[in-house]
1. Are any residues in the stretch 61-110 farther than 20 Å from Ile38 by Cβ, out of contact with any helix residue (DSSP H, G or I) (no Cβ under 7 Å at 6 or more places or on another chain), among the aliphatic types (A, V, I, L, M) and part of a helix (DSSP H, G or I), and if so, which ones?
2. For the list (1) at pLDDT 95 or above; (2) of a type outside the set (D, E, K, R); (3) buried (at least 16 other Cβ atoms within 10 Å of the Cβ), I need the number of the one condition that Asn13 fails.
3. Filter the stretch 21-67 for residues that are among the charged types (D, E, K, R) and touching a Lys or Arg at 6+ places or on another chain (Cβ under 6 Å); which is surrounded by the fewest Cβ atoms within 10 Å (Cβ to Cβ)?
4. Restricting to the stretch 37-57, name every residue that is closer than 16 Å to Ser96 by Cα and of a type in the set (A, V, I, L, M, F, W, C).
5. I need the full set of residues from the stretch 13-36 which are over 12 Å from the mean Cα position of the chain (by Cα) and farther than 15 Å from Glu101 by Cβ, in order please.
6. For the stretch 82-105, how many residues are aromatic (Phe, Trp, Tyr) and surrounded by 16 or more Cβ atoms within 10 Å (Cβ to Cβ)?
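The values are calculated or read from the model by the stated rules, or taken from the named source; none is laboratory data. Owing to the predicted nature of the structure, the values given are computational and were not obtained by experimental measurement. Cβ placement follows ideal geometry from the backbone for every residue including glycine, while neighbour counts extend to all protein chains displayed.
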Amino acid sequence: MTRRIVLLTNDDNFKSFVTISALTLTKLNYQIDISSDISQDADLIIIDFDSSENLDLLKSLRQDPRYENRKIFGVITDFKNKSDEIFKSGCDSLMSKKEFERAGNNILMY
């Protein structure tokens, strides 16, 4: 079964990391489809909150019945008092990009 993940980021380095991690996991028989198309049905949505417009996107996703129960995972370079607002807007989990790089394979698998 293929795990569908929507990745919303403008950070090419982070996008490359997630893509390479997903490809590496296919060698371990994990099928992971990474997309940036939010209209696709997804098991997990990863949002990069370094882009300020993504906070508004998160709020609108949580108001849409199709996404109100989806797992939304956030990443950010620098928290600086942003985490409270991100969680209040409906993010389920938040970590720095550095933390994600260490735990990325486990996050993508499950």
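1. Once the filter is applied, which keeps residues that are farther than 20 Å from Ile38 by Cβ, out of contact with any helix residue (DSSP H, G or I) (no Cβ under 7 Å at 6 or more places or on another chain), among the aliphatic types (A, V, I, L, M) and part of a helix (DSSP H, G or I), the stretch 61-110 yields only Ala103.
2. In the conditions (1) at pLDDT 95 or above; (2) of a type outside the set (D, E, K, R); (3) buried (at least 16 other Cβ atoms within 10 Å of the Cβ), Asn13 misses (3) alone.
3. Looking at the filtered set, the residue picked out is Asp33.
4. Answer for the stretch 37-57, where residues must be closer than 16 Å to Ser96 by Cα and of a type in the set (A, V, I, L, M, F, W, C): Ile45, Ile46, Ile47, Phe49, Leu55.
5. Those that are over 12 Å from the mean Cα position of the chain (by Cα) and farther than 15 Å from Glu101 by Cβ: Leu23, Thr26, Lys27, Leu28, Asn29, Tyr30, Gln31, Ile32, Asp33.
6. In the first step, residues of the stretch 82-105 are kept if they are aromatic (Phe, Trp, Tyr); the result is 87, 100.
Those still in the list that are surrounded by 16 or more Cβ atoms within 10 Å (Cβ to Cβ) too: 100.
The number of residues fulfilling the criteria is 1.
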